[in-house]
Amino acid sequence: MRPFAITHNLGILRDFSHLIFPQKCIACEGELLRNEDSICSLCTTNFTETNFHLSDEATMMDKVFWGRVHIHHTYAHFFFEKEKTAQKILFQLKYKNNQAVGNYFGKEMAKRLLMNPSFGDLNVLIPVPLHPKKEFIRGYNQSDAIAKGLSDGLTLKMDLKSVLRVRHGESQTKKSRFERWSSIQTTFLVKDSIKQYAHIALVDDVITTGSTIEVIAKAILEKHPTVKISVVTLAIT
């Protein structure tokens, strides 16, 4: 069979498959066009990337931690904007059990991090852990899904055992910064295995006040004072 005929037949098969099993956008769940992959063109143009990976100066995310805990470098992929794709993506990731969202954007984030030498010596990715009870109820940890995509894109391992959430608390969303800080100080346990790393990236879905990351980072530094800690998140509010 001629190459043209083979290519033509494969195209027909792809069109038939798309007709029977239409692919959906991971953000809005609308049907993708044949030339679209994972996320539709409309959603792609409806969120604002931070471009923090291109900045030589301190970003607004770096400044979140100033005077609180020493963080080597930070990166957030996009700004959280209500009624836009960013909100849809986080909703799919956090409440719709859509792990594909985290995997997809983790790989996109990895492409940006590879452009920035500050992340060049990373040893490991540590997703912000959920309490086992909450993870069981939700079905998965959204930060794990993002870290998995980052892991694939950066060829780095994930460590899910060195930092554990040992206390199950209520939602932090509506608490003040002081209330959040008070309630999570005894939430995390850091194991001695953390000492094998020289540069860690803590991975989360969204940064609001930064309190959770602050507590984890301080707990890690107490156990391993010489380690470099960076923070990588999908969004920043």
Can you name the residue in segment 209-236 that is hydroxyl-bearing (Ser, Thr, Tyr) and modelled with pLDDT under 95 and, of all such residues, is surrounded by the most Cβ atoms within 10 Å (Cβ to Cβ)?
Ser211
Give the residue, chosen from His70, His77, that is within 23 Å of Leu202 (Cβ to Cβ) and over 18 Å from the mean Cα position of the chain (by Cα).
His70
For the condition in the same structural domain as Ala201 (by TED's automatic domain parsing) and under 24 Å from Thr45 (Cβ atoms), what is the one hit in Phe136, Phe105, Phe65?
Phe105
Of residues in segment 143-179 being modelled with pLDDT under 65 and not basic (Lys, Arg), the one surrounded by the most Cβ atoms within 10 Å (Cβ to Cβ)
Gln172
Please state which of the following conditions Phe80 fails to meet, knowing it meets all the rest: (1) modelled with pLDDT under 90; (2) among the aromatic types (Phe, Trp, Tyr); (3) in the same structural domain as Val203 (by TED's automatic domain parsing).
(1)
Members of segment 43-80 that are surrounded by fewer than 18 Cβ atoms within 10 Å (Cβ to Cβ), part of a helix (DSSP H, G or I) and in contact (Cβ under 8 Å) with a residue 24 or more places away in the chain:
Thr44, Leu54, Met60
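The values are calculated or read from the model by the stated rules, or taken from the named source; none is laboratory data. Fair warning: this is a prediction, and the values are worked out from it, not measured in the lab. Positions of Cβ are backbone-derived with ideal geometry, glycine not excepted, and every protein chain shown enters the neighbour counts.
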